[in-house]
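K.L.:
Just dropping this structure here.
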Amino acid sequence: MSQYFDLGEQTLWNPSNGAARLFLRQVSVFEAELGWPSGLGEMREDECQIDPAALKAFVEALLEQHLRTSHAVMIALSEGFVATMLVLAERAGIELAWPVGDPATWDTNKDVQVPGPASDTASAGARPDRLRAESHELSRFMVR
């Protein structure tokens with residue numbers, strides 16, 4: 001048994017029930033954290049329709065939050081989810097606006113990692129490339 005995440009008639013992802021259930025719970029967590037709707041509709045029977053405009057806004061807010069934090073645990077907890085959302089956005093044909101600028105100038109003081117430095121600019125600057133690579137690799141395992 002599996003679930004379908006669809007954009008109109010096009011299936012973007014067809015995970016197992018367990019993977020879909022975990023993913024949808026994570027969606028709820030990040031919707032609450034960001035204060036943005038994800039664009040993923042309710043799972044009805046075994047199908048979930050996706051609103052591409054809402055998905056774009058959600059993924060961009062998610063990227064903004066993820067790339068601007070210096071908190072190692074928050075990064076670890078969110079990285080796989082962010083990569084999964086990037087795959088869905090790509091498959092939906094959404095062009096995302098990634099945060100720009102020098103990571104050293106970003107305000108990362110909201111959730112500061114203690115003890116340790118408030119930011120690691122080398123790793124912060126590498127995170128967009130790492131996310132792109134991770135989502136590309138993950139896409140191979142996200143059957144349609």
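K.L.:
In whole Hz, with x marking every Gly and Pro, tabulate ³J(HN,Hα) for segment 30-38 from phi via Karplus 6.51 cos²θ - 1.76 cosθ + 1.60, θ = phi - 60°.
P.N.:
The phi angles translate into 6, 4, 5, 4, 7, x, 10, x, 7 Hz.
K.L.:
Then there's this: Mind sorting Ser139, Ser16, Ser70 by how few other Cβ atoms lie within 10 Å of their own Cβ, fewest first?
P.N.:
Ser16, Ser139, Ser70
K.L.:
To continue, here is another question. What ranking of Leu63, Leu77 emerges when the number of other C-beta atoms within 10 Å of each C-beta is taken as an exposure proxy, fewest first? If you can, show how the numbers build up before the last one.
P.N.:
Numbers: Leu63 21, Leu77 13.
By the 10 Å Cβ count, ascending, the order reads Leu77, Leu63.
K.L.:
What residues have an amide H closer than 5 Å to that of Ser70, excluding those fewer than 5 places away on the same chain, when H is modeled at 1.01 Å from N in the peptide plane?
P.N.:
The answer is Asp111.
K.L.:
Mind listing the phi-derived Karplus ³J(HN,Hα) values for segment 94-99, rounded to whole Hz, using 6.51, -1.76 and 1.60 with θ = phi - 60°, and x for any glycine or proline?
P.N.:
Calculated HN-Hα couplings, in order: 8, 8, 8, 8, 7, x Hz.
K.L.:
Sticking with this one: In sequence order, what are the phi-derived ³J(HN,Hα) couplings for segment 75-84 according to the Karplus relation 6.51 cos²θ - 1.76 cosθ + 1.60 with θ = phi - 60°, rounded to whole Hz, with x for glycine and proline?
P.N.:
4, 5, 5, 9, 4, x, 5, 4, 4, 4
K.L.:
Pull up all non-local amide H partners of Asp6: gap of 5 or more, or a different chain, and H-to-H distance under 5 Å with H placed in the peptide plane.
P.N.:
Leu12, Cys48, Gln49, Ile50
Every number in this text was worked out from the coordinates using simple rules, so none of it is lab data. All values reported here derive from a predicted model rather than from experimental measurement. Every residue, glycine among them, receives a Cβ derived from its backbone with ideal geometry; neighbour counts consider all protein chains shown.
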